[in-house]
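Okay, structure first, notes after.
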Amino acid sequence: MAARHRPAVFVLRQPNPSYPATASLAAACADLLQAGNYPLLVVSAAAPAAAPRRILIAADREAFTLEPEAHYLRQLLALPGTELVVAHVSSGAEDDEGCALALRAVQASGLVAGLPLPELRGYEHADYGAGLLAAVQDTGADLVVVLARQRSYWGGLFHRSVTAQLLATCPVPVLVLPVALAAPPIGRTATLAQWTNTVLTGLAPSA
């Protein structure tokens, strides 16, 4: 289907709370991501039909690059009147460095290139998923953008990831963007050892 129609995004409906189907939704999302790295939009029955005006981008310290299929969704972020917020959730302690690196990762990916500097907010929560939901409520976001790295949906971890939990419970639509790990340049700012450490750190399960 994807090869024939070349969709901009796949749209899925959040499961009915009375008939939870979190595993099925997560499995469907993982299958679609594996099939072609297409962005996914998961909406609830109560989601408004209007275009989003306050978009929350959930990011962490890890640099990333957008898959080709996700680049043109930047048009959504560039709609007139749209406000962008980059949210970083840390556990146990305030993490100013993590917040700064999260914003830098978003900027370096090209996702917000040519757009006003996003607002940056940091949150502390022992449970990452709960922290993201708190961020949604705090910012008044009407769309959440989360990053799906290849290691999660190819490694069989997606159905147990924070992203999968968020897809089933978030009160506003969730846009899942497939991304790849970005290699920093080897030079003064990044050594081969630092890059190796980044890769090893990246093998840990994430959203």
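The ranking of ASP127, ASP96, ASP142 from fewest to most other beta carbons within 10 Å of each one's beta carbon is ASP96, ASP127, ASP142. For region 52-91, the relative contact order is 70 percent, taking Cα pairs closer than 8 Å that sit 6 or more residues apart in sequence and dividing their mean separation by the residue count. Restriction of the trypsin sites (Lys or Arg not before Pro) in region 30-108 to DSSP coil positions whose beta-carbon has at most 16 other beta-carbons within 10 angstrom yields ARG53. Going from the residue with the fewest nearby Cβ atoms within 10 Å to the one with the most, LEU33, LEU12 rank LEU12, LEU33. Which shape class, rounded, prolate or oblate, goes with region 80-138 when its Cα gyration tensor gives a ≥ b ≥ c as root eigenvalues, a/c under 1.5 marks rounded, and past that a/b bigger than b/c marks prolate? It is oblate, given that a/c is not under 1.5 and a/b is not larger than b/c.
None of the figures in this text is laboratory data; all of them are computed from the coordinates on show. The shown structure was predicted, so the numbers you read here are calculated from the model rather than taken from an experiment. Quick reminder, even Gly has a Cβ in these numbers, built from the backbone with ideal geometry, and neighbours come from all protein chains shown.
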